[in-house]
Amino acid sequence: AAHCADYERPPKPDAPANGIVLIAGSDFATGFLSAIDPVSYKVYRDIVPIHSDSTLRYDQANTATLVLQRLGADSLRRLENTTGYTSSYERSLGARSNPQEVEILPNNLAAISLYNSNALQIVNRSNGAVVHTIDLSAYADADGYAEIGALRYAAGDLFVAVQRLD
């Protein structure tokens, strides 16, 4: 008779709070935050589990990492780098909103693009609360959505890619 064993996971790596390159790794079923030190090339694997379709933004002002969990998770999560990448909040962005990108803005704000919505959300980075919504429905195509994708903040302006695929 064969028996299955539940092997204990290795201890969580003690990754530094900054000075590393963060990586959202996935095998398309699970996801983990990992990191590499660009000087020593030391790898910190599987620091914390994250959604299998995630994108990251480092919040230098708060020494935190914003994790935009996409495709089915549709949420924004904040990890506190200085306390072992613990999660301080996870906020839903709405079922089937299909968030695409999060961009760091001044004054402790972040912008979030939602592919299946005509709203661009501006949130407080400390608690994830929506502080403003920008309506982009004027750019919607035949399916009724503007397909808001990539975001970039530069020279005091927020640039938004509207895909209009139909």
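The values are calculated or read from the model by the stated rules, or taken from the named source; none is laboratory data. Just so it is clear, the model here is predicted, and its values are computed rather than measured. When we count neighbours, we look across all protein chains shown, and the Cβ atoms used for this are built from the backbone with ideal geometry, even at glycine. Protein only, heavy atoms only, side chains kept; ligands, DNA and RNA dropped before computing areas. Shrake-Rupley method; radii C 1.70, N 1.55, O 1.52, S 1.80 Å.
Here are the numbers:
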| read-out | value |
| --- | --- |
| Residue count, segment 107-151 (criterion: more than 23 Å from TYR89 (Cβ to Cβ), surrounded by 13 or more Cβ atoms within 10 Å (Cβ to Cβ) and not aliphatic (A, V, I, L, M)) | 6 |
| Selection from segment 75-92 of residues that are under 19 Å from LEU109 (Cα atoms) and surrounded by 19 or more Cβ atoms within 10 Å (Cβ to Cβ) | SER75, LEU76, ARG77, ARG78, LEU79, ASN81 |
| Residue count for segment 95-105, restricted to those that are open to solvent by 30 Å² or more (accessible area, probe 1.4 Å) and not in a strand (DSSP E or B) | 3 |
| Hits in segment 68-83 - residues which are farther than 21 Å from ASN18 by Cβ and not in a loop (DSSP other than H, G, I, E, B) | GLN69, SER75 |
| Qualifying strands (runs of 3 or more DSSP E) (wholly inside segment 10-51; at least 1 residues being surrounded by 10 or more Cβ atoms within 10 Å (Cβ to Cβ), of a type outside the set (Ser, Thr, Tyr) and over 19 Å from the mean Cα position of the chain (by Cα)) | 43-50 |
| Elements of type strands (runs of 3 or more DSSP E) contained in segment 107-166, each with 3 or more residues being farther than 29 Å from SER87 by Cβ | 157-162 |
| Residue list for segment 71-97, restricted to those being at positive phi and in contact with a Gly (Cβ under 9 Å, 6 or more places away or on another chain) | ASP74, ARG96 |
